[in-house]
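**Student:** Structure in structure tokens, see below.
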Amino acid sequence: MPLAKFETMLKRTMGLDVQSIGRPMLERALHERRDKSGVEDLDAYWLLLQMSEQEQLHLIESVIVPETWFFRNREAFNEMAQLQPQRPISAGQPLRILSLPCSTGEEPYSIAMALLDIGMPPQHFHIDAIDISAQSLAIAHQAVYGKNSFRGNSLAFRDHYFALNEQGYALSETVRQQVRFIQSNLFAPTLLYGEAPYDIVFCRNLLIYFDRATQHQAVTILTQRLAPEGLLFVGPAESALMMQHALTPIKAPMAFAFRQGAPKQEPVKFASTPIAVFAPQPPAPLRPAPRAAAARTAPSRSRPAADLPALPQTTLATVQLLADQGKLSEAASLCEQLIQRHGPSAAAYYLMGVIHDAGDRKQAAADCYRKALYLEPAHAGAMTHLAALLQTQGDTAGARLLQQRARRSAENNPS
């Protein structure tokens, strides 16, 4: 039986683009669920899916591969905690946080621990955690974890918030009571109906499983749930997509955080002379023209300099402005013109890479990030974005090396 019906059903129910996981994985999941359901073939299994919402959930859980651990991409939690003392919070109006998808609970519990660590009273914040998988939520409710949920070298939180027993590491009640778990999904019509907006939303590494149209739909839903000036945290491979929405990036390396509201569209002001955002290349030596050509063009040699066409007073700010407005083709074209006119620049190639990334031109984006790193090996932004691309292409080792380089660069250059 063709897989198209199953692909359509998964996209309708959870937004999944099967291309993101590969058809072989879908086929394995279908045959596994068919065998466990006791039906003869995929035609019979399709009929079962139409009659059983529970079986639909079982199939969804079969194609979901949760990969999570406590304080995954710690920079996001550090940035979230660092920003909270800057806003007034009280027990009467607690900080509202959403984690979606929450998988087996490591992310929302990490959020809770990060806020408790900075001394925020438990009554001053509340976390809603949503996932489509009942199986994952059952683990989250139990809150007992194995060694795979604790990775890296910074594990002091485990001694502080967990107790080791025969089943594993059991999370303290102080953390558990901060999180409310809900079974749902981002595209459910009744998702969080009647709930107030959230000050912080974590939605990391979900959008990469959607096609481009569904990604934009998902971001729209998320921003509708986000309070004015609220913070949205996404995964590394998803940050370029945010440029096409009314969101402003937070300047925090490796956090991938965005604030609700479009960047301030301040008019670009030019000086009386062009601003040198690139290192201009020396002009190529002019070759003597043939005598006949020289005779034909002789009058132009007396043309006053003031009458010559002036170079466009365009800076990278103009390119960035076009990109922020979603005019990606214009931004890319203008950026390329600047590079051709003024010579290569790490800043220009990085911006060109981000523009290609937002336009889903992954190979072109990767090429630009590599050129930026050739010109400026410590360019943290280029390393971070290239690492995200390598991760989506399956080059986990290469992505990890670049992430480590970016982290070291941020530590050595804290400004």
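**Student:** Tell me, what HN-Hα J-couplings in whole Hz come from the Karplus equation 6.51 cos²θ - 1.76 cosθ + 1.60 at θ = phi - 60° for each residue of the stretch 70-77, using x for Gly and Pro?
**Tutor:** 5, 6, 5, 6, 4, 4, 5, 5
**Student:** I would also like to ask the following. Over 16 Å, how big is the tail of the calculated P(r) for the stretch 333-374, in percent of all Cα pairs? Before the final figure, lay out the partial values.
**Tutor:** Details: 224 of 861 pairs.
Percentage above 16 Å: 26.
**Student:** Right, here's the next one. How much net charge surrounds residue 20 when only other residues with a Cβ under 14 Å from its Cβ are counted (Lys, Arg +1; Asp, Glu -1)? Each step should come with its number before you reach the end.
**Tutor:** Numbers: positive: 11, 23, 212, 362; negative: 7, 17, 67, 211, 238, 360.
Result for the neighbourhood of residue 20: -2.
**Student:** For the modelled label position 7 Å from the Cα of residue 262 along Cα-to-Cβ, which residues of the stretch 335-358 have backbone nitrogen atoms closer than 11 Å?
**Tutor:** So the set is empty, nothing qualifies.
**Student:** What residues of the stretch 176-209 lie in the reach of a label at residue 220, counting those whose backbone N is under 14 Å from a point 7 Å from the Cα along Cα→Cβ?
**Tutor:** 187
**Student:** Rg over Rh of the stretch 59-139, using C-alpha atoms and the Kirkwood radius, what does it come to? Can you show the working numbers first?
**Tutor:** Details: Rg = 14.0 Å, Rh = 13.7 Å.
When Rh is taken as the Kirkwood radius, the ratio is 1.03.
**Student:** Rounded to two decimal places and with Rh computed the Kirkwood way over Cα pairs, what is Rg over Rh for the stretch 76-214?
**Tutor:** Working: Rg = 15.4 Å, Rh = 16.0 Å.
Over the Cα atoms of the stretch 76-214, Rg/Rh equals 0.96.
**Student:** May I pose another question? Can you tell me the alpha carbon radius of gyration of the stretch 21-62 divided by the globular rule-of-thumb value 2.2 N^0.38 Å?
**Tutor:** Values: Rg = 9.6 Å, N = 42, 2.2 N^0.38 = 9.1 Å.
Normalised Rg, Cα atoms only: 1.05.
**Student:** Karplus couplings for the stretch 11-22 from phi (6.51 cos²θ - 1.76 cosθ + 1.60, θ = phi - 60°), rounded to Hz, Gly and Pro as x?
**Tutor:** After applying 6.51 cos²θ - 1.76 cosθ + 1.60, I find 5, 5, 7, 9, x, 5, 8, 4, 4, 6, 10, x Hz.
**Student:** Counting each pair of different Cα atoms once, what's the Kirkwood radius of the stretch 169-252 in Å, rounded to one decimal?
**Tutor:** On the way: mean 1/r = 0.0691 Å⁻¹.
Over the stretch 169-252, the inverse of the mean reciprocal pair distance is 14.5 Å.
**Student:** For q values of 0.14, 0.15, 0.22 Å⁻¹, compute log₁₀ I(q)/I(0) with the Debye formula on a Cα-only model of the stretch 124-206, without solvent.
**Tutor:** For the stretch 124-206, the Cα-only Debye profile gives -0.61, -0.70, -1.25.
**Student:** Now, a different point. Please tell me which of these pairs span more than 32 angstrom C-alpha to C-alpha: 11/371; 251/327; 5/147; 5/371; 251/371? Walk me through the numbers before you get to the answer.
**Tutor:** Numbers: 11/371 37 Å; 251/327 22 Å; 5/147 39 Å; 5/371 43 Å; 251/371 22 Å.
Violating the 32 Å limit, Cα to Cα: 11/371; 5/147; 5/371.
**Student:** Computed FRET efficiency, Cβ-Cβ of residue 340 and residue 397, R0 41 Å: what is it to the nearest 0.05? Working shown, then result.
**Tutor:** Working: r = 35 Å, r/R0 = 0.86.
Once rounded, the FRET efficiency stands at 0.70.
**Student:** Just to be sure I understand the model, the point goes 7 Å from the Cα along the line to the Cβ. What's the resulting residue 4 to residue 74 distance in nm?
**Tutor:** The modelled label-to-label distance comes out at 5.0 nm.
**Student:** Further question on the same structure: List the extent of the Cα atoms of the stretch 1-102 along each of their three principal axes, largest first, rounded to whole Å.
**Tutor:** 60, 28, 21
Where a number appears in this text, it was derived from the coordinates with a stated rule and is not lab data. Being a predicted model, the structure only gives us computed values, none of them experimental. Note that we place each Cβ from the backbone using ideal geometry, even for glycine, and neighbour counts take in every protein chain shown.
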